[in-house]
Structures are given as C-alpha cells and as structure tokens.
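Only one structure is covered here, and it is reproduced in the block below.
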Amino acid sequence: MTTPADVTKTTVIKAASWVVAYDEATDRHVYRTDCDVAFRGDRFVLADAAIAASADEVIDGRNLMVMPGFVDIHSHPSFETMLKGLTEEVGSAKLYMSSLYEYLFLFETEAAGMVASSQVALSELLQSGVTTVCDLSVPHEGWLDTLAASGLRAYAAPMFRAARWYTRNGHEVLYEWDIPLGRKRMDEALAVVDAAVAHPSGRLSGMICPAQIDTCDEALFRDAFAAAQDRGLPFQTHASQSVVEFQEMMRRHGRTPVGWLKEIGVLGPLTTIGHGIFFDHNDWLGWPTRDDVRILVESGASVAHCPTVFIRRGITLQHLGGYLKAGLNVGIGTDTFPHNYVEEVRNAIYAARITARDAHAVNASDALHAATLGGAKALGRTDIGRVAPGAKADFFTVDLTHPAMRPLYDPVRSLFYTAGERPIRDVYVDGRKVVESGRALAFDLDDALNRLEEAQRLSVSKVGQYDWANRPASELMPLTL
Ligand SMILES: [Zn+2]
C-alpha cells in the first residue's frame, strides 16, 4: 500500500448511474446521472471522448453511485476503540455530564495497543467512506507508518499540553501545570509533524494541536499558532467542549473560550475548534452574551462537529443548522467509536433536528457538504472532498443494488438515513483502491482485533489505579446485565 500511484494510468468509470459531482459556481455538490467519471494517476480528469478512448481500465458504473470521500476532521484512532463497551453510559453528573474528568484518563495504553487500535479504527473509517482523516493522538512508536500503511490521506495531529486535569472527588476539576514539559512536548510534536509532511507516501501531512484550551498556557498557544502559520498547516484545539471548561476560562481570563482564543490571536481560516458546543449562546451556560459564533465567522475559523460522543451524555451542539446559517464553517469528525462516518453524519442530522425542534434544521445536502467540503475548507484545501477534474481522486462507490439501498429514489438520503456503510463497495485515495468490496485492504483486521482485545483487557485491569476513588472497572462501568 506504500507504492506510489501509477501517475499515467487512466481509469474510467463508465456510465455511473449516479454521481455526486461538484458544482464550482455554487460550491455545492449536485447529482449527475448516467455519466462517466475519469481519473489519471491521483487526480480526476475531464471524462471526455479522448480519455474514454485511451483508458487503461474501464469500470462498469451501472448500479453504482460515485461519491467524494469523506473528510474526517477530528478523530482519535489510536485510543478510542479501546473504550468500546466501557464508556457509552458514563458521564459525571456533578460535572455537567462530561466524561472528560473522571473517565478519559482511566485507560492506560501502550504503543502496541495504540497501533492495534489505529489499525482497527482506520479500517473502519475507510470502510465507511473516509478518505482523509485528522488523527489527534499522543505521539507513539509506529504512528506515521500505520497512517501511511492504511492508504488514507492523513493529517497527523500530535497533541501536547502543559497541564493535566484531575479530580479528588468527582465534583471539582483541578489542573497540575508543568510549563517546561508542555514546551518540550510541543517541540516533539513539531518534529512528528515535520516528519509527516516529509513522508515519502505523499499522503501524510500535519496539524498543530495544543490538546485543550484549558490545559495549554498562553505562550504555548501563541507559539503553536506561529508554528502552524510558518508551516502553512492547520491548527486545532479542543475548546468549548464542557461547561467546566467554559467556567474555568471565564474564571481565569474573564473571557469565553472563544473570546480568549480571539484575544490571544490564534483564530484564523486554518483554525478549527473541536468541539465547539459550549459557545456563549448554549443554554446549559445561562450566559447573557451572543458573541462566540459571530467571532468565529468573522475570523474564518471552523468547528469540528463530533455529535456521537456527546449525545451519549445528553449533550448536543445548539445547533448545526444554526451554525451553518450564521456562515460558520463546520466539518464532521468521529471523536469516539464506532469509527463509522456515515453513522456520525446521521447522528449530526438527528441531533440538530432534536435540538432545534425543527425537521428542517439540517438536511442531507447540508450534512454532505459539511462531511466533505466543510472539512476540506477547514484544512485549507480545494483539491479534496469533491468529484471534479483536477481534484484528488479520493472517492468511493456505493452499490445501488444493495437491499439497504432499495427501493431507490434518492441515493444520498438512503445512504445516510437507512443503509449506513453497508453498501459502500470500493474506496479510492489518490486514485488507488484502498477498500475492495467493503473490506479495507491494508491490515489483517482479525489479527489487529486480537491485539486490541489483549490491550483492552490489560487496560481494564488497571482502571482502579487511575480512578480518584480507586474503583475498578466493574464498579465504574458495570456490565449491562
Ligand atoms: Zn477529541
């Protein structure tokens, strides 16, 4: 999977029944039916008669939909799969239902477990149509090689911070600061980013990622942002992700999280806020101002929306349709397991409608835009997230004869609302097939799952060591029955 794409090979998907094509004039996707799609090497080309005549490979497009690959703007593949079966029903009732402070750091993970987790998560992402992933991870041995081997287009986003959260009682969050260590971690992260950009696969890039707004000091933030600007790379931090964090930033600075990011000068078109839920208008805060969304729109920054991990705790972003209507760019990410992008998109739609109490808050076109062009914009790219001549040939095909897609009236709606990832057949990145007949090709998934299970067992056995009250996993996360 690491061999370079054949730069001269031309492939034509002949008479595709449906194509989700890009309309540059409106910057939206449009349906086309019964048309050819062509790519040469790593890029789409205009599917004219000359290309059709010179094609090295012709794929029968009847009963297929060709869609742009999804751009996953926020994920933690090296870790989150480890939590399957454990954290779906946790949340601290005395900390506004967040799971960050009592649960996130219960799970010790070694490098081998992180690689196994990544292999499982990246396979799952690919099989649900993702072609670009932003991987927010703690740097670990084997990371870049795993990303490259996956076949995905990947942004390595090594997280660093100068403080850690802890609680002694489950109702107060404290911060243990080590400013020099944060600086050292940033330098290490920048080295990883530079190695990713220089990676011979040509599919890796980097993102500068101070881990959380409340765990990084101002100088670290400013220097991290400068490092991103020097490199022309995107910048992302977790912010506005809990009520506790909002109140902590207000306590420290007299600013909302977004207000503080503006004040220290780190908002811009390549800045992404993950998860951007607790802006000043959010009614869990009871806050009187309505400035945060406007500040972000004016700065050109984006939000990484990852609904699943929050709706498990009764928390929703208020609301996706409102953000989009205000002109705020939103990409969609998979913060948690499952790494099933189509399900994440479905959750984004339903969460918005419930929160807005409005069936028209978000439709499939809006969600598709966020999942592709929204993510691309957050990364500063005009060559991904679209099926268009000149763009990267990152796309997937959907089997329209799959029972979950029938009867067929509107294939994108059927994919999002009914079928999920099941009819996704082949996925291509840089014009190379990375999923065939629904199976990611890079890794031995059974073997990776075996290693992941071993890592999870070890991690679960140590949970009590990391809990403030030394409770074992069986007490903190008891079995369903
Ligand atoms: Zn996250």
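When DSSP beta bridges are limited to those with both residues in the chain, what percentage is antiparallel, rounded to the nearest 5? Show your work: numbers first, answer last.
On the way: 32 of 68 bridges.
Taking every DSSP beta bridge within the chain, about 45 percent pair in antiparallel fashion.
Rank His29, Leu379, Ala52 by how far each Cα sits towards the positive end of the charge dipole of the chain (+1 on Lys, Arg Cβ; -1 on Asp, Glu Cβ) and give me just the farthest.
In the chain, that residue is His29.
Under the classification rounded if a/c is under 1.5, otherwise prolate if a/b is larger than b/c and oblate if not, where does region 70-378 fall, given a ≥ b ≥ c as square roots of the Cα gyration tensor eigenvalues? Provide the component values of the computation, followed by the final result.
Working: a/c = 1.26, a/b = 1.11, b/c = 1.13.
Since a/c stays below 1.5, the shape of region 70-378 is classed as rounded.
Alpha carbon centre of region 152-219 versus region 91-121: separation in Å?
After rounding, the separation between the Cα centres reads 16 Å.
Quote the charge dipole size of the chain about the Cα centre in Debye, to the nearest 20; the model charges only the Cβ of Lys and Arg (+1) and of Asp and Glu (-1).
Details: 46 positive and 61 negative charges, 155 e Å.
Roughly 740 debye for the chain.
Show Val258, Val58 ordered by accessible area, largest first, where the area counts protein heavy atoms only and the probe is 1.4 Å. Mind dumping the intermediate values first?
Details: Val258 0, Val58 90 Å².
The ordering from most to least exposed comes out as Val58, Val258.
So for the pair Glu108, Gln247, with labels modelled 7 Å out along Cα→Cβ, what separation do we get in nm?
So the two model labels end up 3.2 nm from each other.
To test your reading of the geometry: what angle, between 0 and 90 degrees and rounded to tens, separates the Cα axis of helix 179-197 from the longest principal axis of the chain?
Its long axis makes an angle of about 10 degrees.
Using only DSSP helix segments of four residues or longer, with each worth -39500 (n - 2.57), what per-residue ellipticity at 222 nm results for the chain after dividing by its residue count and rounding to 500?
On the way: 17 runs with 156 residues, N = 481.
Value at 222 nm, helices only: -9000 deg cm²/dmol.
What angle do you read, to the nearest 10 degrees and between 0 and 90, between the alpha-carbon axis of helix 243-253 and the longest principal axis of the chain?
Between helix and principal axis, roughly 60 degrees.
Please work out the FRET efficiency for the pair Ala49 and Ala198, using the Cβ-Cβ distance as r and a Förster radius of 41 Å; give the result to the nearest 0.05.
Values: r = 40 Å, r/R0 = 0.99.
Efficiency at R0 = 41 Å is approximately 0.50.
Given R₀ = 35 Å, FRET efficiency for Val7-Asp27 by Cβ-Cβ distance, to 0.05?
Working: r = 29 Å, r/R0 = 0.82.
The formula returns an efficiency of 0.75 here.
Would you mind checking Lys184/Lys262; Lys262/Lys377; Lys184/Lys377 for any pair whose Cα atoms are more than 29 angstrom apart? Walk me through the numbers before you get to the answer.
On the way: Lys184/Lys262 25 Å; Lys262/Lys377 20 Å; Lys184/Lys377 31 Å.
Beyond 29 Å: Lys184/Lys377.
Which whole-number percentage describes the relative contact order of the chain, with Cα contacts under 8 Å and a sequence gap of 6 or more?
On the way: 1076 pairs, mean separation 98.7, N = 481.
With pairs under 8 Å counted, the relative contact order is 21 percent.
Using the Cα centre as the reference, give the magnitude of the dipole from point charges on the C-beta atoms of region 110-257 (Lys, Arg: +1; Asp, Glu: -1; all else neutral), rounded to the nearest 20 debye. Present the calculation step by step, with values, prior to reporting the outcome.
Working: 13 positive and 18 negative charges, 58 e Å.
Using only the charged Cβ atoms, the result is roughly 280 debye.
Under a point spin-label approximation (7 Å from Cα along Cα-to-Cβ), what is the Leu445-Arg357 distance to one decimal in nm?
Using points 7 Å along Cα→Cβ, the separation is 4.2 nm.
Where a ≥ b ≥ c are the square roots of the eigenvalues of the C-alpha gyration tensor, would you call region 244-350 rounded, which needs a/c under 1.5, or, failing that, prolate if a/b is larger than b/c, or oblate?
Details: a/c = 1.81, a/b = 1.46, b/c = 1.25.
It is prolate, given that a/c is not under 1.5 and a/b is the larger ratio.
Which peptide among 368-375, 407-414 comes first, and what is the full order, when sorted by highest mean count of other Cβ atoms within 10 Å? Could you put the intermediate results ahead of the total?
On the way: 368-375: 26.6, 407-414: 13.9.
Put in order of decreasing packing, that is 368-375, 407-414.
Rounded if a/c is under 1.5, else prolate if a/b beats b/c, else oblate: with a ≥ b ≥ c from the C-alpha gyration tensor eigenvalues square-rooted, which is region 324-422? Can you show the working numbers first?
Details: a/c = 1.63, a/b = 1.04, b/c = 1.57.
Note, shape of region 324-422 comes out oblate.
Specify the angular offset, from 0 to 90 degrees and rounded to the nearest 10, of the alpha carbon long axis of helix 445-461 from the longest principal axis of the alpha carbons in the chain.
The two axes meet at around 10 degrees.
The values are calculated or read from the model by the stated rules, or taken from the named source; none is laboratory data. Bear in mind that the values here come from a model prediction, so they are computed numbers and not experimental data. Virtual Cβ from ideal backbone geometry, glycine too; neighbours counted across all protein chains shown. Protein only, heavy atoms only, side chains kept; ligands, DNA and RNA dropped before computing areas. Shrake-Rupley method; radii C 1.70, N 1.55, O 1.52, S 1.80 Å.
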